[in-house]
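Worksheet for the structure shown next.
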Amino acid sequence: MSSPSPSLYRAADTGGSPNPSLIQIRDLVYRVAGIFQPDNKLRLLEDRCSKRMEVLGVTALRDYYDCLTVKPIRQAEMVALLNEITIGETCFFRNQPQLDALRDVVLTRILEARSKLPVRNLRLWSAGCSTGEEPYTLSMMLLEETNARLKGWNFEILATDLNERSIAHAKHGIYGDYSTRNIPQYYRQKYFMARGEGLQVVPDVKAKVNFNRVNLLDAARIAFMKGVDLVLCCNVLIYFDVSSKRQVIQHFYNNLLPHGYLFLGHSESLYGVSDDFRLVHLPSATAYVKTEKRQVAPQVKL
Amino acid sequence: MSTQATMLRRKLENLEQMPTIPTVLAPLLRYLEQPLDRLEVQQVVDLISQDKSLAAQCLYLANSPLFGRWQTVDTVRNAVIALGLQRMRDIAVSCSVLALLPQGKTGIDPVVFWEHSLGCALVCRQFAHKIAYEDPGKAYLAGLLHDIGIVAHLWIVPTEFASSLQAASFQHIPLHEAELRILGTTHCETGKLVAERWHLTPDLIAAAGCHHDAASATHDRALVALVSLSDLLCRMCGLGYGYNEQRQINFLEEPGFAMLAAECPSLESFDWARFTFELEAYIEEVHRLVSLVYRPQ
């Protein structure tokens with residue numbers, strides 16, 4: 001167990017030190033899934049655990065910790081808890097500091113590296129794109145650059161998800177209030193049109209995104225997604241076991257160009273999972289860059 | 001060095017315009033340098049209580065979970081007993097330096113400045129604990145005082161400093177780079193002068209003087225490196241000088257990394273990602289704390 005919540009923060013509003021079982025659960029989730037709940041989010045984690053505890057009929061956090069570690073249901077329960085932790089995170093402009101860092105720092109570096117290559121084309125991959133909010137956000141952001149830094153460039157966004165229904169929704173491109181709550185007014189007016197009670201993404205934004213149903217463990221399918229500058233894979237790896245995680249990371253590694261970037265979700269880490277990527281700090285965000293090593297051939301099943 | 005830079009340097013070397021730390025602090029620090037078995041709680045309480053404003057601010061900080069408190073303490077004596085002498089020293093120094101900025105409009109938002117200084121102190125201490133650095137208390141002090149050169153700039157070359165910060169903010173570059181261009185010197189060089197003038201210990205002088213060029217430190221290299229990395233981490237995580245430095249940092253390639261790893265081998269396998277995520281909670285608390293403690297007069 002980590003030091004008692006770096007002895008820095010009181011469990012919100014409780015006026016006392018955090019429940020040790022809650023800290024154990026926080027550390028377990030980080031160890032197993034790679035997603036971290038900082039001390040100021042412990043109250044939120046407690047709420048989410050409470051929801052699961054209600055379903056299971058468990059009253060103490062200590063007993064719930066057992067459900068996540070020793071009971072036969074532990075794997076399924078971890079998935080259920082992760083679902084609670086990441087619930088409601090799918091929306092346009094989900095992680096603004098990450099998007100700002102991408103635009104202000106990473107894009108500049110990618111363009112520098114890419115300009116040494118013959119074709120002026122960018123390829124971004126939203127891996128685990130769910131219902132399409134993330135790739136469309138990227139599309140809008142890059143369209144904004146087409147008269148400036150991306151003048152004379154082409155770009156495409158590959159968007160993949162395992163879920164057929166999510167892909168169908170994404171292709172449709174119509175969204176309700178919840179998904180669209182963070183869209184700045186400027187983007188709302190420029191890139192959306194009213195459709196019934198929702199908003200539909202305009203064709204220019206859609207045209208840049210190529211949706212496909214892909215299993216990230218499917219080496220044969222993934223092998224076709226070469227030459228990528230940047231992968232965004234938010235809150236997806238947390239559901240994989242370590243061995244599958246490593247396989248997916250290997251796929252990303254093989255498909256990214258040497259200057260390639262991997263962005264994960266908020267508070268999501270690759271620590272202890274892979275040495276293929278190095279953590280880098282950007283303004284109020286983190287990302288991973290490829291380390292230099294020999295490319296490993298993908299194992300394609302014939 | 002240009003004529004202007006030489007003139008600025010002369011002004012800086014002549015630091016009379018700048019206030020010094022509260023009178024009570026020097027005897028307090030000296031007293032606390034003694035072996036633990038010679039220290040008396042009442043003596044420390046008496047020293048802190050001599051300065052009413054300092055005592056009141058100490059109580060604010062003492063009640064913060066950032067200093068490990070979960071229950072309310074309402075007297076200086078209780079605070080010293082509950083938190084220990086070292087923590088009280090940290091708190092007293094923190095409160096003392098808060099009073100050093102010039103009043104009125106300055107080239108930097110004082111709240112932003114103290115959030116950075118206090119945040120850096122806390123990050124230094126937590127980082128030190130995590131990598132088993134020998135003296136987390138010293139790391140805290142070094143973090144708190146690392147930017148003392150900025151305070152001197154605000155007193156002595158306010159206009160030029162304001163231009164430096166403006167340029168840094170506009171170009172999204174580190175402040176010391178803009179200072180070097182505009183002032184011909186940096187807050188590190190000035191910080192070294194101030195720290196020497198205040199007769200701070202050589203390790204604190206080194207941290208104030210070399211935190212932007214850790215490799216240049218000739219002694220106390222691990223402490224300098226620790227402050228350098230913590231300062232950079234704060235600036236990259238939104239606890240800088242009120243603007244974003246648009247850059248990409250790989251901490252493993254920073255000069256301070258190898259210097260610190262030589263003394264703290266566990267740094268080689270340090271989980272930077274987790275520490276960064278933990279900062280989210282620090283930042284929130286530092287904002288709250290500074291807004292409570294810092295009251296411009």
Any chance region B:177-197 includes a residue that's surrounded by fewer than 17 Cβ atoms within 10 Å (Cβ to Cβ), under 22 Å from residue B:14 (Cβ atoms) and either under 16 Å from the mean Cα position of the chain (by Cα) or free of Cβ contacts under 8 Å to residues at least 12 places away in the same chain (or both)? yes
Of all residues in region A:191-204 being in contact with a helix residue (DSSP H, G or I) (Cβ under 8 Å, 6 or more places away or on another chain) and assigned to a helix (DSSP H, G or I), which is surrounded by the most Cβ atoms within 10 Å (Cβ to Cβ)? A:191
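Residue by residue, here is whether (1) within 24 Å of residue A:241 (Cα to Cα); (2) surrounded by 14 or more Cβ atoms within 10 Å (Cβ to Cβ); (3) at pLDDT 95 or above; (4) not assigned by TED's automatic domain parsing to the domain that holds residue A:273 holds:
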site	(1), (2), (3), (4)
A:53	yes, yes, yes, yes
A:91	no, yes, no, yes
A:105	no, yes, yes, no
A:120	no, yes, no, no
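Scan region B:108-122 and tell me whether some residue there is modelled with pLDDT of 80 or more, part of a loop (DSSP other than H, G, I, E, B) and surrounded by fewer than 16 Cβ atoms within 10 Å (Cβ to Cβ).
Initially, region B:108-122 is screened for residues modelled with pLDDT of 80 or more, giving B:108-122.
Still in the list and also part of a loop (DSSP other than H, G, I, E, B): B:108-109.
Next, from what is left, pick out any that are surrounded by fewer than 16 Cβ atoms within 10 Å (Cβ to Cβ): B:109.
Yes, region B:108-122 has at least one match.
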Out of all the residues in region B:260-274, which are part of a loop (DSSP other than H, G, I, E, B) and closer than 16 Å to residue B:135 by Cβ? B:264
What residue, among those in region A:141-161 that are aliphatic (A, V, I, L, M) and either buried (at least 19 other Cβ atoms within 10 Å of the Cβ) or not assigned by TED's automatic domain parsing to the domain that holds residue A:216 (or both), is nearest to residue A:111 (Cα to Cα)? A:142
Which numbered condition trips up residue B:246, out of (1) more than 23 Å from residue B:101 (Cβ to Cβ); (2) buried (at least 20 other Cβ atoms within 10 Å of the Cβ)? (2)
Determine whether residue A:54 is touching a residue at least 12 places away in the same chain (Cβ under 8 Å) and of a type in the set (Asp, Glu). no
Can you tell me which residue in region A:263-282 is nearest to the chain's Cα centre (by Cα), limited to those that are part of a loop (DSSP other than H, G, I, E, B), closer than 23 Å to residue B:268 by Cβ and more than 7 Å from every other protein chain (Cβ to nearest Cβ)? A:270
When region B:221-234 is checked residue by residue, the ones that are more than 11 Å from residue B:146 (Cβ to Cβ) and more than 9 Å from chain A (Cβ to nearest Cβ) are B:221, B:222, B:225, B:229
Can you report the number of residues in region A:27-68 which are within 14 Å of chain B (Cβ to nearest Cβ) and not in a helix (DSSP H, G or I)? 5
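Hey, can you tell me all the residues within region B:257-288 that are among the aliphatic types (A, V, I, L, M) and surrounded by fewer than 19 Cβ atoms within 10 Å (Cβ to Cβ)?
Pass one, region B:257-288, residues among the aliphatic types (A, V, I, L, M): B:258-262, B:267, B:273, B:279, B:281, B:283, B:286.
Scanning region B:257-288 gives B:258, B:261, B:262.
Scan region A:181-206 residue by residue and report those that are hydroxyl-bearing (Ser, Thr, Tyr) and over 15 Å from residue A:135 (Cβ atoms). Before you say what the answer is, go through the steps one by one.
Of all residues in region A:181-206, those hydroxyl-bearing (Ser, Thr, Tyr) come to A:186-187, A:191.
Listed by number, the list holds a single entry, A:186.
Would you point out which residue out of A:154, A:163, A:147 is touching a strand residue (DSSP E or B) at 6+ places or on another chain (Cβ under 8 Å) and under 27 Å from residue A:118 (Cα atoms)? Give the derivation first.
Working: A:163 fails: under 27 Å from residue A:118 (Cα atoms); A:147 fails: touching a strand residue (DSSP E or B) at 6+ places or on another chain (Cβ under 8 Å).
The conditions single out A:154.
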Pairs with Cβ under 9 Å, 6+ apart, first in region B:155-166 and at pLDDT 95 or above, second among the aromatic types (Phe, Trp, Tyr): B:165/B:241; B:165/B:243
Report, by residue number, each residue of region B:70-107 that is closer than 29 Å to residue A:17 by Cα and in a loop (DSSP other than H, G, I, E, B). B:70, B:71, B:72, B:73, B:74, B:75, B:84
If you check A:72, A:18, which single one turns out to be part of a loop (DSSP other than H, G, I, E, B), more than 14 Å from every other protein chain (Cβ to nearest Cβ) and farther than 28 Å from residue A:135 by Cα? A:72
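Quick grid of which residues meet (1) modelled with pLDDT under 75; (2) assigned by TED's automatic domain parsing to the domain that holds residue B:287; (3) closer than 30 Å to residue B:184 by Cα; (4) buried (at least 19 other Cβ atoms within 10 Å of the Cβ):
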{"position": "B:9", "(1), (2), (3), (4)": "yes, yes, yes, no"}
{"position": "B:43", "(1), (2), (3), (4)": "no, no, no, no"}
{"position": "B:46", "(1), (2), (3), (4)": "no, no, no, no"}
{"position": "B:67", "(1), (2), (3), (4)": "yes, no, no, yes"}
{"position": "B:70", "(1), (2), (3), (4)": "yes, no, no, no"}
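The values are calculated or read from the model by the stated rules, or taken from the named source; none is laboratory data. All of these numbers come straight from a predicted model, not from anything done at the bench. Using ideal geometry, Cβ is built from the backbone for each residue, glycine included, and neighbour counts are taken over all protein chains shown.
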